[in-house]
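Some notes on the structure that comes next.
The values are calculated or read from the model by the stated rules, or taken from the named source; none is laboratory data. Remember, it's a predicted structure, so these values are computed and weren't measured experimentally. Using ideal geometry, Cβ is built from the backbone for each residue, glycine included, and neighbour counts are taken over all protein chains shown.
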Amino acid sequence: MATQYFTATSLDGFIATEDDSLDWLFPLGDINDTGYPDFIARVGALAMGSATYEWMLRHGDTIAAQTGSPWPYTQPTWVFSTRTLPAIAGAAVSFVKGSVEPVHAAMRAAAGDRNIWIVGGGDLAGQFHDAGLLDEMLVQVGSVTLGSGKPLFPRRLTQPPLVLVSVRQVGAGFAELRYQMPARPGTDPA
């Protein structure tokens, strides 16, 4: 069981534009050609920030046309927000605020031996990292630049660096990179 941040980013390190648009992403390739289908099959619980959840709300019709439901996940999901957000009918969503540690414990219990997916955004993944709870980053780097936007991971990680585990080309639009988070000094890497 691992806690994983799986996302797509532009070549210059942005997961969305300033106004949370992902329009740059979809023309780059078919998600079914990426590692996503295998990845999601191993996920037992999800965490997402409010901007990601609100994107899902705004694009519910498109999601429903592609998946048959405005909420494409069967796994329980925790949405971190300081605001009151509308629920999606039939979605197993819990709205939470505050520290990620107690929520992570609930997510682990719900996920069992399956993985936890930090869907987005970058700051939420950073909070899991800051708490020592992030195990891996799986990043699909798209062949576009945005110039500005929502950063992939708004944290400085230099020493020790992330450990590159694998690289895979996906068509002409993506490189999939898998990184293991380095063990923190004074922690048990097992």
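Got a number for residues in the range 62-98 being under 24 Å from ARG114 (Cα atoms) and hydroxyl-bearing (Ser, Thr, Tyr)?
Count: 6.
Looking at (1) in contact with a Pro (Cβ under 7 Å, 6 or more places away or on another chain); (2) in a strand (DSSP E or B), can you tell me which one PRO182 breaks?
For PRO182, the failing item is (2).
Look at GLY44 and say whether it is within 21 Å of LEU138 (Cα to Cα), touching a strand residue (DSSP E or B) at 6+ places or on another chain (Cβ under 7 Å), at pLDDT 95 or above and not polar (S, T, N, Q).
Yes, satisfied.
Which pairs have Cβ atoms under 6 Å, sit 6 or more apart or on different chains, and link a residue in the range 77-89 that is free of Cβ contacts under 8 Å to residues at least 60 places away in the same chain to one that is exposed (fewer than 15 other Cβ atoms within 10 Å of the Cβ) and charged (D, E, K, R)?
Pairs that qualify, where the first residue is free of Cβ contacts under 8 Å to residues at least 60 places away in the same chain and the partner is exposed (fewer than 15 other Cβ atoms within 10 Å of the Cβ) and charged (D, E, K, R), are THR82/LYS97.
Would a scan of the range 167-179 turn up a residue that is exposed (fewer than 14 other Cβ atoms within 10 Å of the Cβ), out of contact with any Phe, Trp or Tyr (no Cβ under 7 Å at 6 or more places or on another chain), more than 27 Å from PHE26 (Cα to Cα) and without any contact (Cβ under 8 Å) to a residue 40 or more places away in the chain?
Checked the range 167-179: no residue is exposed (fewer than 14 other Cβ atoms within 10 Å of the Cβ), out of contact with any Phe, Trp or Tyr (no Cβ under 7 Å at 6 or more places or on another chain), more than 27 Å from PHE26 (Cα to Cα) and without any contact (Cβ under 8 Å) to a residue 40 or more places away in the chain.
Those residues that are among the hydrophobic types (A, V, I, L, M, F, W, C), surrounded by 13 or more Cβ atoms within 10 Å (Cβ to Cβ) and part of a strand (DSSP E or B), I need them from the range 124-166; list them, please.
The answer is MET137, LEU138, VAL139, VAL141.
As an exercise: evaluate THR74 against (1) closer than 24 Å to PRO102 by Cα; (2) in contact with a helix residue (DSSP H, G or I) (Cβ under 9 Å, 6 or more places away or on another chain) and give the number of the one condition it does not meet.
(2)
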